[in-house]
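To start, the structure itself, in structure tokens.
The values are calculated or read from the model by the stated rules, or taken from the named source; none is laboratory data. What you are looking at is a predicted structure, and each value in this text was computed from that prediction instead of being measured. Cβ coordinates were reconstructed from backbone atoms using ideal geometry, including for glycine residues, and neighbour counts include every protein chain displayed.
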Amino acid sequence: MKYMTYIVIAVAIALIIVNITKLDLDNLFQGDSVVALICIIAILCAVILLLIFNTSKAIDNKNK
């Protein structure tokens, strides 16, 4: 399970990089840039949740 979360985090970072390339810094809140921003924020939230899950599993294993 630990390795699976690392794989998902790596894929999420790759998706963040792809979405950064779609950003238009001149028109940040129009068109595809808004979609890219929303996706970046959602992916960052998912990565944070996976890191919290990983930390909780490590604490659980220490207590056992």
If we scan segment 22-31, do we find a residue that is part of a helix (DSSP H, G or I) and modelled with pLDDT of 90 or more?
-> no
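Yes/no per residue for (1) closer than 20 Å to Met1 by Cβ; (2) in contact (Cβ under 8 Å) with a residue 24 or more places away in the chain; (3) of a type in the set (A, V, I, L, M, F, W, C); (4) loosely packed, with under 10 Cβ neighbours inside 10 Å:
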site	(1), (2), (3), (4)
Leu15	no, yes, yes, no
Thr21	no, no, no, yes
Leu25	no, no, yes, yes
Gly31	no, no, no, no
Leu37	no, no, yes, no
Ile43	no, yes, yes, no
Ala58	yes, no, yes, no
Lys64	yes, no, no, yes
Condition check for Leu50: in contact with a Ser or Thr (Cβ under 8 Å, 6 or more places away or on another chain), part of a helix (DSSP H, G or I) and surrounded by 11 or more Cβ atoms within 10 Å (Cβ to Cβ) | yes
